[in-house]
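*Asks:* Attaching a single structure in structure tokens format; questions to follow.
None of the figures in this text is laboratory data; all of them are computed from the coordinates on show. Just so we're clear, the structure is a prediction, and the values are computed from it rather than from any experiment. Positions of Cβ are generated from backbone atoms using ideal geometry, with glycine treated the same way; all protein chains shown enter the neighbour counts.
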Amino acid sequence: MSEEIQHGALYIVSTPIGNLDDISLRAIKILKGVDLVAAEDTRKTKFLLDHLSISKPLVSYYSYNEARRVPELVDQLKQGKSIAVVTDAGTPGISDPAYLLIRNAIDRGISIVPIPGANAALAALVASGLPTDRFVFEGFLPVKKGRKTKLEALKSEHRTIILYESPFRIERTLNDIIEYWGDRNIVVARELTKKFEEFKRGKVTEVLAQIAASTPKGEFVLVVEGTH
Ligand code: SAM
């Protein structure tokens, strides 16, 4: 089915989380066809567009300028421009900017078109071997304020819990999981879709011991068994 680009529509385009082949044919068509691409980091998106031989006007859209950028982008959509919103990796709006733009666009009657694709949380979940029938995505745990409350609230969660974490805080988060939730089964997915993709499976204490044995590097998703 060939797809016409809709005038005045906002396309939410998922991009790869490491492996550049993980871009859909539809995402390429949309990125080629829209008038403008709103990108979290225009340099990173330019690299992707160059790789796809696409040349397109880029405008930055990220958490620190979104309050100013949203009305500008929504005005352009209202004038009939088609815009794709992309982030540095994966699905916009998932622990990434896009929510405010999408919310405001909906309020102004603009068509929203999702272009599904790579997402670190779902890739980690399906490969984890932990139950996938019910799960809860919590993104990054708060670093300071609200961290303890969040950890306490999740202690009795029955569903599989998915968290994002950086290499700088992974050990602290694994220690907190042991302290607040107890020693349960966990899968730590690292560098998904990349050369050094790796899954560590076991009890949290076992996985923590392996991770703490060297300096953690890369991007991590934690998939934690719910309580029984
Ligand atoms: N929007 C993205 C998505 O759809 O997955 C998430 C963006 S969030 C700012 C970045 C976090 O996602 C990283 O700190 C890490 O926890 C996770 N992540 C992104 N890419 C990853 C990868 N290739 N392997 C493991 N985790 C990844």
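*Asks:* Collect residues whose amide H, placed 1.01 Å from N in the peptide plane, falls under 5 Å from the amide H of Leu36; neighbours closer than 5 in sequence don't count.
*Replies:* Here the answer is Ser82, Ala84, since their amide H atoms fall under 5 Å of that of Leu36.
*Asks:* Next question. ³J(HN,Hα) across the range 16-26 via Karplus (A = 6.51, B = -1.76, C = 1.60, θ = phi - 60°), whole Hz, x for Gly/Pro?
*Replies:* Values, residue by residue: x, 9, x, 7, 5, 6, 7, 10, 7, 4, 5 Hz.
*Asks:* Taking amide H positions as placed in the peptide plane 1.01 Å from N, state which residues far from Ile17 in sequence (5 or more) or on other chains have amide H under 5 Å from it.
*Replies:* Residues meeting the amide H criterion: Gly90.
*Asks:* Here is a further query. For Glu152 and Asp75, what does the FRET efficiency come to when R0 = 45 Å and r is the distance between their Cβ atoms, rounded to the nearest 0.05?
*Replies:* 0.55
*Asks:* With r defined as the distance between the Cβ atoms of Leu100 and His7 and R0 fixed at 22 Å, what FRET efficiency is calculated, to the nearest 0.05? It would help to have the intermediate numbers written out before the result.
*Replies:* Numbers: r = 23 Å, r/R0 = 1.03.
With R0 = 22 Å, the Cβ-Cβ based efficiency is 0.45.
*Asks:* Follow-up. Could you give each residue of the range 44-57 its phi-based ³J(HN,Hα) in whole Hz, using Karplus coefficients 6.51, -1.76, 1.60 with θ = phi - 60°, and x for Gly or Pro?
*Replies:* 5, 5, 4, 4, 5, 5, 4, 4, 8, 6, 10, 10, 8, x
*Asks:* Return the calculated 222 nm mean residue ellipticity for the chain, to the nearest 500 deg cm²/dmol, obtained by summing -39500 (n - 2.57) across DSSP H runs with n ≥ 4 and dividing by the residue count. Write out the running numbers ahead of the final one.
*Replies:* On the way: 8 runs with 79 residues, N = 228.
So the helix-based figure for the chain works out to -10000 deg cm²/dmol.
*Asks:* Run the reach check for Lys32 against lysines, Cα to Cα strictly under 23 Å, same-chain hits fewer than 8 apart removed. What comes back?
*Replies:* Within reach: Lys44, Lys46, Lys56, Lys78, Lys81.
*Asks:* Give me, ordered by chain and number, the residues 5 or more places off Gly202 or on other chains with an amide H under 5 Å from its own placed amide H.
*Replies:* Under 5 Å from the amide H of Gly202 lie the amide H atoms of Ile186, each far enough along the sequence or on another chain.
*Asks:* Cα centroid distance between the range 91-116 and the range 153-228, in Å?
*Replies:* What the calculation gives is 30 Å, centre to centre.
*Asks:* Could you work out the longest stretch of the chain that avoids the chymotrypsin sites (Phe, Trp or Tyr not before Pro) located in DSSP loops with at most 15 other Cβ atoms within 10 Å?
*Replies:* Free of exposed loop sites, the longest segment is 65-167.
*Asks:* What's the tally of Lys pairs in the range 120-224 whose alpha-carbon atoms lie under 25 angstrom apart, where the two lysines are 8 or more places apart or on different chains?
*Replies:* Lysine pairs meeting both conditions in the range 120-224 amount to 13.
*Asks:* Here's another thing I want to ask about it. Using the beta-carbon distance between Ile178 and Thr132 and R0 = 30 Å, what value does 1/(1 + (r/R0)^6) give for FRET efficiency, to the nearest 0.05?
*Replies:* 0.80
*Asks:* Please give the charge dipole size of the chain, origin at the Cα centre, charges +1 on K and R Cβ atoms and -1 on D and E Cβ atoms. Round to the nearest 20 debye.
*Replies:* Roughly 340 debye for the chain.
*Asks:* Taking 7 Å along the Cα-to-C-beta vector as the label spot, tell me the Glu171-Ile28 distance in nanometres, rounded to one decimal.
*Replies:* Between Glu171 and Ile28, the simple spin-label model gives 4.3 nm.
*Asks:* Restricting the calculation to Cα positions, tell me the Rg (one decimal) and the Dmax (whole number) of the chain in Å.
*Replies:* Just the Cα atoms of the chain yield Rg and Dmax of 19.3, 56 Å.
*Asks:* By how many nm would the segment from Lys203 to Tyr64 lengthen if fully extended, with 0.36 nm per residue of separation less the alpha-carbon distance?
*Replies:* Taking Lys203 through Tyr64 to full extension adds about 46.2 nm, to one decimal.
*Asks:* Which whole-number percent is the relative contact order of the range 160-228 (Cα, under 8 Å, 6+ apart)?
*Replies:* Relative CO of the range 160-228 lands at 49 percent.
*Asks:* Counting Lys and Arg as +1 and Asp and Glu as -1, what is the net charge of the other residues whose Cβ lies under 11 Å from the Cβ of Arg169?
*Replies:* Taking every Cβ under 11 Å from that of Arg169, the sum is -1.
*Asks:* To continue, here is another question. Relative contact order for the range 9-115 using alpha-carbon pairs under 8 Å, separation at least 6, rounded to a whole percent?
*Replies:* 45
*Asks:* With an 8 Å cut-off on Cα pairs and a minimum separation of 6 or more residues, tell me the relative contact order of the chain in percent.
*Replies:* Once divided by the residue count of the chain, the mean separation gives 22 percent.
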